[in-house]
Amino acid sequence: MTAGHPKSPRARRGRFAAVRRELSKAPLSAWFAMIVIAIYAFCAIFAPLIAPHGEAEIVGKGYMPGGWHADFLLGTDQIGRDIFSRLIYGARNTIGVALVATIISFFIGIAVGVLAALNRGWFDQVMSRIADALLAMPALIFALMLLAIFGKGMLNLIVILALLDATRVFRLSRAAAMNVVVMDFVEAARLRGEGTGWIVFKEIIPNILAPLVTEFGLRFCFVFLTISALSFLGVGIQPPTADWGSMVAENKSLITYGNLTPLYAAGAIVLLTVAVNFLVDWLLYRTSGLRDEQ
Amino acid sequence: MHPVLRTALQRMGLSLLTLFLVSVIIFSSLAMLPGGFAETVLGQSATPETIAAFNHALGLDRPAYIRYFEWVAHALQGDFGYSYAGVGGSVKRSVADVIAPRLYNTFFLAIMTAIVAVPLALFLGVLTALYRNGWFDRIVNATTLTTIAMPEFFVAYVLMVLFAIKYRWFYSLSTIDPSTPFWEHVYRAVLPAVTLMLVTVAYMMRMTRAAIINLLASPHIEMARLKGISPAMIILRHALPNAWGPIVTVIAFSLAYLVVGVVVVEVVFVYPGIGQLMVDAVSSRDVPVVQGCTLIFAVTYIVLNLIADVIGVVTNPRLLHPK
């Protein structure tokens, strides 16, 4: 990383050229990851246009075999819904729910974390102890308990996962912000008479964004896997909504006959998490490489 | 007092505080229920009288703090109350009776996994550190990165398809009851244990490798190398003893992780453990059972983390004197 380019006039290039230059140096795994993620995003956004049949539409008999010349590419599930269409709609639902939960958790986590770093005192103490207590329990177990109490449902699922995950984002953003609040430029902004809002948005957040971006990828993977696990256990996203975790559970009896249908949905989950991990790996390597140069 | 003992006691106190907070959260989450638990269970059509009767039967009409201390006092004696599944019927099943046999099964599975997984992870970690950046290292690295990214149920089903359905070496479902003989129990628990192993070995191995490689840059290793000691000896005699702290910490964390992984794996293989029990209880909203299971999971998790913490301090005396 460091050997290839001496101090070139990279800074003077435009942003577009810089991005293109980075991409041209990206390793194969990063390209693979970006292509996979692009395909998933495309499927999720244009699901109704790509899918040959409806999400919960019953189009045939149960467990019809699939094939290139059959009506249903991957066959039908236990009540006769097209599995291929449900896989495509699943991209929209599963990824959508995970993405919304992760975004909410980042909003809450960063806001509370930065505020705690700014006002060390009872607020910081209370928030840190709550986060510690929430982190002392495995997230899946905690999510299961909360789902038992508040009931199953998409909204509950999103809120519970967002709150549980926010504790981890809080930890990270608090630690990162702590290093920034002691800087001179924050002191200067304070002396200038800037309000808390300015200091948070213009001084602190831009400086802690880099570690948070890669963290977003990892947290997304974690939330995505947790949602899939919960759906697989039957307490996550509820039918008839197409979702990869519950699709595995719905068709799991086929496995005992040597039929691999349930593995399609599970494979879709694996491919996405592997791709996101590869991408994060590359981003981490890049940011750490840049740090070495300084 | 000896500084190690003092630190250990300090960490223990912190863990107790965390445990207290966790138990409050577990308990109060029930009280936070919008509209009250009775209404949720009995449905919209419940009259105020039936709700009052339901609350009285479960003792939910008394102040929350009294119920909390009662719950904790009983839980400490192994009494988690009665399962809601029996309320109203003639058979009342205590949560402890429901949980006890399942807890044994789950610990059986977890210990069986750990016995194989920990030495294997250490062995692979040392080996990849020794042959770092070679083809062996690359293969193990890519494999572990992939298994980490996989959900447990995917690994579980792939193993099931391969070893239970294609080659009929093992059972696809781990049906076990108290009368199952020991070795039969082991045999039937092989596939769930292997699934858990694949997931945890990956973490432990990667951290072991990282801990050793981190140390290889230090001056005493360079000295050993200059003396002409073989690479294997350097790692075993000079690097490994100094890496024990982080390695043991990771092992304890991974065992704590086993506790979570067990839930999904038990459901896949229909292994009668506490994870499967908890999922069933969540589906039927049997709150005392869910609370009991959550408390057990939380205690296991916190205790393992405490052990990791204390061992980390003991093996790295620098942590005894924080700046």
> So, of the residues in region B:246-259 that are surrounded by fewer than 22 Cβ atoms within 10 Å (Cβ to Cβ) and within 13 Å of chain A (Cβ to nearest Cβ), which turns out to be nearest to B:Ala210 (Cα to Cα)?
Replying inline: B:Phe253
>> List the residue pairs whose Cβ atoms are under 9 Å apart, where the first residue sits in region B:150-174 and is within 9 Å of chain A (Cβ to nearest Cβ) and without any contact (Cβ under 8 Å) to a residue 12 or more places away in the chain, the second is surrounded by fewer than 21 Cβ atoms within 10 Å (Cβ to Cβ) and assigned to a loop (DSSP other than H, G, I, E, B), and the two are 6 or more positions apart or on different chains.
In response: B:Val161/A:Gly258; B:Val161/A:Leu260; B:Val161/B:Ser172; B:Ile165/A:Gly258; B:Ile165/B:Ser172; B:Lys166/A:Gly258
> If you scan region A:179-217, which residues turn out to be among the hydrophobic types (A, V, I, L, M, F, W, C) and open to solvent by 70 Å² or more (accessible area, probe 1.4 Å)?
Replying inline: A:Val182, A:Met183, A:Phe185, A:Leu191, A:Trp198, A:Phe201, A:Leu209, A:Val213
> Got a number for residues in region B:285-316 being within 30 Å of B:Ala211 (Cα to Cα) and without any contact (Cβ under 8 Å) to a residue 40 or more places away in the chain?
Replying inline: 1
> Residue check: is A:Pro65 over 23 Å from A:Leu272 (Cα atoms), open to solvent by 80 Å² or more (accessible area, probe 1.4 Å), modelled with pLDDT under 80 and out of contact with any strand residue (DSSP E or B) (no Cβ under 6 Å at 6 or more places or on another chain)?
Replying inline: yes
> Out of A:Leu155, A:Leu99, A:Leu118, which single residue is open to solvent by 20 Å² or more (accessible area, probe 1.4 Å) and within 14 Å of chain B (Cβ to nearest Cβ)?
Replying inline: A:Leu155
> Which of (1) of a type outside the set (S, T, N, Q); (2) over 17 Å from A:Met145 (Cα atoms); (3) within 14 Å of chain A (Cβ to nearest Cβ); (4) in contact with a helix residue (DSSP H, G or I) (Cβ under 6 Å, 6 or more places away or on another chain) does B:Tyr301 not meet, given it meets every other one?
Replying inline: (2)
> Is it the case that region A:216-232 has a residue that's under 25 Å from A:Thr102 (Cα atoms), modelled with pLDDT under 85 and more than 14 Å from chain B (Cβ to nearest Cβ)?
Replying inline: no
> Out of the residues in region A:29-62 that are without any contact (Cβ under 8 Å) to a residue 24 or more places away in the chain and not in a helix (DSSP H, G or I), which is nearest to A:Leu87 (Cα to Cα)?
Replying inline: A:Phe46
> Can we say B:Tyr131 is within 30 Å of A:Ala33 (Cβ to Cβ), among the aromatic types (Phe, Trp, Tyr) and more than 12 Å from chain A (Cβ to nearest Cβ)?
Replying inline: yes
>> Which of the numbered conditions does A:Asp165 fail, given that it passes all the others? Conditions: (1) away from chain B (no Cβ under 14 Å); (2) open to solvent by 50 Å² or more (accessible area, probe 1.4 Å).
In response: (2)
> Given (1) touching a residue at least 12 places away in the same chain (Cβ under 8 Å); (2) crowded, with 18+ Cβ neighbours inside 10 Å, where does B:Val282 come up short, assuming only one miss?
Replying inline: (1)
>> Taking the criterion of being in contact with an Asp or Glu (Cβ under 6 Å, 6 or more places away or on another chain) and hydroxyl-bearing (Ser, Thr, Tyr), would at least one residue in region A:98-109 satisfy it?
In response: yes
> What number of residues in region A:226-264 are open to solvent by 40 Å² or more (accessible area, probe 1.4 Å) and closer than 17 Å to A:Tyr40 by Cβ?
Replying inline: 1
>> Suppose the filter is of a type in the set (A, V, I, L, M), away from every other protein chain (no Cβ under 14 Å) and crowded, with 19+ Cβ neighbours inside 10 Å; does A:Val112 pass it?
In response: yes
> Any residue at all in region B:228-244 that is within 27 Å of the chain's Cα centre (by Cα) and either within 30 Å of A:Met137 (Cβ to Cβ) or within 14 Å of chain A (Cβ to nearest Cβ) (or both)?
Replying inline: yes
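The values are calculated or read from the model by the stated rules, or taken from the named source; none is laboratory data. Here the structure is a predicted model, which means the values were calculated and not measured. A quick note on method: Cβ atoms are made from the backbone with ideal geometry, for glycine too, and the neighbour counts reach across all protein chains shown. SASA here: full protein model, heavy atoms, side chains in, ligands and nucleic acids out. Shrake-Rupley method; radii C 1.70, N 1.55, O 1.52, S 1.80 Å.
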